[in-house]
1. Between D355 and R219, how high is the FRET efficiency from 1/(1 + (r/R0)^6) when r is the Cβ-Cβ distance and R₀ = 60 Å? Nearest 0.05.
2. Calculate, in whole percent, how much of the Cα-Cα pair population of region 364-405 lies beyond 17 Å.
3. For the peptides 11-24, 35-48, what is the packing order when you average, over each peptide's residues, the other Cβ atoms within 10 Å and list the highest mean first?
4. Which of F212, F461 comes first, and how do the rest follow, when ranked by fewest Cβ neighbours within 10 Å?
5. Between region 317-332 and region 394-441, what's the alpha-carbon centroid distance in Å?
6. In nm, to one decimal, how far is the D19 label point from the R453 one, both placed 7 Å along Cα→Cβ?
7. Extending each Cα 7 Å along its Cβ direction at V48 and A372, get the distance between those two points in nm, one decimal.
8. Considering every Cα-Cα pair within region 272-364, what fraction, in whole percent, is farther apart than 16 Å?
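Nothing in this text is a laboratory measurement; each read-out follows from the coordinates by a stated rule. The structure displayed is predicted, hence computed values, not measured ones. For neighbour counting, all protein chains shown are included, and Cβ atoms are generated from backbone atoms with ideal geometry for every residue, glycine included.
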Amino acid sequence: MPGSSRLSGPLIGLLEAEDLPPAAQILAVGARAGSLAVELRTLGHRVVELPSGWAGGGAGQDPGPLPESFDCVVAAGLLERVPWDRWELQRIHRMLKPDGRLLLLAPNLYSPLSLIDPRYVLAKLGKQVPRLMSLVGRTVAAPAPRAGDRSYPAGRLRAMLEELGFDIRHLSRIGPLSRGALSGSGTWLPTHHLVIARRKPSLFGLRPDRPFPDPDAHRRRFEQANHAFLELRAEWLRAHPTSYGAARPMDPGRYRGTRVLVLSPHPDDEIIGCGGTLLCLARAGAQITVLHATDGSASAAFVDEPPEVRRTVRLDEAGAVARAAGFHRTIFWREDNHAFTFRPELVDRLRATLDELEPSLIFTPFLTDIHADHLTLNRVLAGALEGGRGSGAEVLAYEVWGLAPAAVYCDVTGVMPEVERLLLLYETAMKVEDYVQMCAARNYYHSLRLAGRPGFCEAFFSADLDGFRQLVEGGARADRSGGPGDAPVRRLPATGPARAGG
């Protein structure tokens, strides 16, 4: 089988042709990487083995080896044995030094052996059940990803690697009777794909080896990928014309000594939507209080975990993020993520927090965000603002799954590396979505459009308290009556939040 001692020689020869440095630092990860590790050590390389995958230190702690530590990663018997294959490849990308190499063995979807593998057959049948049941009007949740039942067509494997920042140097098929791994010739029963790839410089960064993408090309790609959200933003603006002209830049120093309240429906929303701005405000001397409404227990990353784990892991991660970011205070409502609804007692709790803090800024998700929990928390805020609570504060509505009409923007270029580190502390959510790339792409687009230069900016809709409350209440009435208002939210496919729960 691939990864066995019989094939180690040809595979190592292929890797050595990539000009590895002498005594290279190599990470061997996966159940079938052992024989390759032995061969590499005989050649004088320094090899660290993780045969069972990554060693994690718990919520909010370093998930394993240090970033950019390895000249090469050898992964065999890994992707098919873990629930979150993309997350494993993200980790590998971050472990590699710039221009480092990856040798990857991944099961071939179209291998003849797949047809007689009961795990493969059962997995494919399980994926068809929800589709078949939908034909008779029944809804069945798709099965969560399981270890040991994954295989790949070559095109999908290539696309995933390229999206994550790998340059494919070699892609062929190998199997137990392979001869000539370089060309794939003489291969019977091609059970696996063999990939040699190079880590490309990250698309976004601040160092010379991490250049910004071409501005015009990035604008086109971003607008094409976010066409539905741009249309929703335009439709909302037509229904709610504002008097704003050009978006104004924020001066974080203006808020020195003030209090800032951040409403986060799920642990991670505060960093995705306004993490860079919060860091800038904290460094300028503002006191940041983050209120996490739910426990985040609905995340698709929880496959087999018991309820007590689901209810605590993401809150533990949020605590680690708050400590790393230097936030002044963190409030946990611990609402059940599966049943978060508008209730008068939540309005009372938030009203008490507003009375206590008297914040100068209130951050909350934008009004047309496609996640229902984000809209629910805005209704709670609108209720709490009745009676003049929070007088003098400005509401800044941040972006998570959608795009907001920008009235204010904050240049966060200098803190983006720290934003990336904070996002990586939210390991549960990162297993499902690559928020690092999502935030970098959006913030780079905003900098080009709002600041007129390469960099990173976070954008916000701005409203005074009465204006925000009226917008929320008007949207809720229109939604209940089926009128215009925020109804376009229901037409957008909730791809991300449906999987991530946050």
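1. Step by step, r from the Cβ atoms, then E = 0.85.
2. 32 percent
3. The most tightly packed comes first, giving 35-48, 11-24.
4. Exposure proxy ranking, most exposed first: F212, F461.
5. 16 Å
6. About 3.6 nm separates the two model spin labels.
7. The answer from the label model is 4.4 nm.
8. Working: 2617 of 4278 pairs.
Counting every Cα pair in region 272-364, those more than 16 Å apart make up 61 percent.
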